[in-house]
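K.L.:
Take a look at the following structure, please.
Taken together, the values in this text are just the output of simple stated rules run on the coordinates, not laboratory data. Being a predicted model, the structure only gives us computed values, none of them experimental. Positions of Cβ are generated from backbone atoms using ideal geometry, with glycine treated the same way; all protein chains shown enter the neighbour counts.
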Amino acid sequence: MALKELLGVREGILADLHRDHEAVDKLLQRVLDSDDAAERRELFARVRAELKAHAEAEARVLYRKLDKSDEEASRLFAFEGDVEHEVLAEQLDKLWAMRDKTSEKWTARAQVLQEVLRHHVKEEESDGFERAHAEFSKDELNKMAERFQREKAKLLEG
Ligand SMILES: [Fe+2]
Ligand SMILES: [Fe+2]
């Protein structure tokens, strides 16, 4: 792990991504902590919308640069990340389609989603952020932050 990650320095888009990760994790925890069906549904709708927009915008702005890198580690991170985004989106849709959001089955699936998400975020903030720091200047990371916010806003509107 690079020194910047150890020190918790996150520049440009990396700071934005980290903020989103924390916000979505808190929201999903609130879903799991609730035992009220209407509240779970409302909070989960936000988790699904936010996480899908985050993942798609992140893939467009960050992953699509890393997968064209000369460095194998950067390409592999992006390819693996894409697959994990697919798994996450699939589970978000399954959970959304299940009618009873307070059933034991629903709760079990939501807990697995939380585990997969935390695993994904952990790798992204270590391997992914390290690759990004290695590949892009501070200025590029700042420009990517602006693009990320624009893309995400478009996705949330659409
Ligand atoms: Fe992310
Ligand atoms: Fe991601």
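K.L.:
Considering Cα pairs under 8 angstrom that are at least six residues apart, work out the relative contact order of segment 9-157 and quote it in whole percent.
P.N.:
Normalised by residue count, the contact order of segment 9-157 is 40 percent.
K.L.:
Express in nm, to one decimal, how much length is gained between residue 39 and residue 69 on full extension, taking 0.36 nm for each residue of separation and deducting their alpha carbon distance.
P.N.:
Gain in length upon complete extension: 6.4 nm.
K.L.:
Please arrange 133, 54 by how many other C-beta atoms lie within 10 Å of their C-beta, fewest to most.
P.N.:
133, 54
K.L.:
How far, in nm, would the chain grow between residue 46 and residue 76 when pulled straight, counting 0.36 nm per residue and subtracting the alpha carbon separation?
P.N.:
Gain on extension, residue 46 to residue 76, equals 7.8 nm.
K.L.:
Residue separation times 0.36 nm, minus the C-alpha to C-alpha distance between residue 111 and residue 96: what's the value?
P.N.:
Fully extending the segment from residue 111 to residue 96 adds 4.0 nm.
K.L.:
While we're here: List, in the order given, every pair from 65/101; 68/152; 26/94 whose Cα-Cα distance in the structure shown is over 30 Å.
P.N.:
65/101
K.L.:
Can you give me the three principal axis dimensions of the chain from its C-alpha atoms, in Å, biggest first?
P.N.:
The principal-axis extents, from largest down, are 47, 29, 27 Å.
K.L.:
What's the ranking of 23-29, 134-140 by average number of surrounding C-beta atoms within 10 Å, highest first?
P.N.:
With the highest mean Cβ count within 10 Å placed first, the list reads 23-29, 134-140.
K.L.:
What's the magnitude of the charge dipole for the chain around its Cα centre, counting Lys and Arg as +1 and Asp and Glu as -1 at the beta-carbon? Answer in Debye, nearest 20.
P.N.:
Result for the chain is approximately 520 debye, rounded to the nearest 20.
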